[in-house]
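Participant: Just passing along the structure, written as structure tokens.
The values are calculated or read from the model by the stated rules, or taken from the named source; none is laboratory data. Note that this is a predicted model, so its numbers are computed, not measured. In this analysis, Cβ positions are derived from the backbone assuming ideal geometry, glycine residues included, and neighbour counts consider all displayed protein chains. Just so you know, the surface numbers come from the protein's heavy atoms only, side chains and all, with ligands and any DNA or RNA stripped out. Shrake-Rupley method; radii C 1.70, N 1.55, O 1.52, S 1.80 Å.
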Amino acid sequence: MPTLLQISQLGHPILRRKAREVENVSDPAIQALIDDMIHTCQDVDGVGIAAPQVYQQLRLFIIASKPSPCYPNAPYMEPMAIINPVITFTSEEKEKDWEGCLSIPGIRGLVPRHKMVMVSFTNRNCEQEEKIFDGFIARVFQHEYDHIDGIVFLDRADSKDLIMEKEYQKIIQAMPKR
Ligand code: ZN
């Protein structure tokens, strides 16, 4: 049975450190960590979670986009473990959209992100993958990638684009459903 993990909160130094590469993806401890991170992410209705958010200083994160009360228009995907990722290309075009973070509860921000990213990474079966993500999944990828470099979404948002959860709820309730 996977374990629910504690989520580090903004102010804990691990969220500001650059994480190190995962050396052995097939290590049972890494495989268990991936299962626990997926379980924890689903439990809190998140769309992604990075290892530093569960107190592990590793270049590993989960992306798990799905529609939820916070992101009603998010596309559905199977949770995917991204290990030792490299962003190989980014579209010049950026767009602003809403983000939140499990480590920064209560605050939402409009964050500019590249519309499209080309990435390479190791998957949990130790295979090398190259993928192109765009839109919301590209956004989640860039948000989680920032975590493994010690960056949080607040660093990328204009302070005038930050709002509290209560106000965000009003905005998404007024948002047209796609
Ligand atoms: Zn986050």
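Participant: Pairs under 9 Å by beta carbon, first residue over 21 Å from Tyr55 (Cα atoms) and within 15 Å of the ligand (Cβ to nearest atom) in region 81-106, partner among the basic types (Lys, Arg) and open to solvent by less than 50 Å² (accessible area, probe 1.4 Å), six or more apart or different chains?
Facilitator: Matching pairs, first to second residue: Asp97/Arg113; Asp97/Arg139; Trp98/Arg108; Glu99/Arg108; Glu99/Arg113; Glu99/Arg139.
Participant: Go through region 135-166 and give me each residue that's free of Cβ contacts under 8 Å to residues at least 24 places away in the same chain, among the charged types (D, E, K, R) and either more than 17 Å from Ser103 (Cβ to Cβ) or open to solvent by 40 Å² or more (accessible area, probe 1.4 Å) (or both).
Facilitator: Answer for region 135-166, where residues must be free of Cβ contacts under 8 Å to residues at least 24 places away in the same chain, among the charged types (D, E, K, R) and either more than 17 Å from Ser103 (Cβ to Cβ) or open to solvent by 40 Å² or more (accessible area, probe 1.4 Å) (or both): Asp155, Lys160, Lys166.
Participant: Give the residue that is farthest from the chain's Cα centre (by Cα), with candidates limited to residues of region 1-23 that are more than 22 Å from Asp149 (Cβ to Cβ) and not β-branched (Val, Ile, Thr).
Facilitator: Among those that are more than 22 Å from Asp149 (Cβ to Cβ) and not β-branched (Val, Ile, Thr), it is Met1.
Participant: When the residues of region 108-158 are narrowed to those that are farther than 18 Å from Val86 by Cβ and of a type in the set (Phe, Trp, Tyr), which ends up nearest to the ligand (Cβ to nearest atom)?
Facilitator: Phe153
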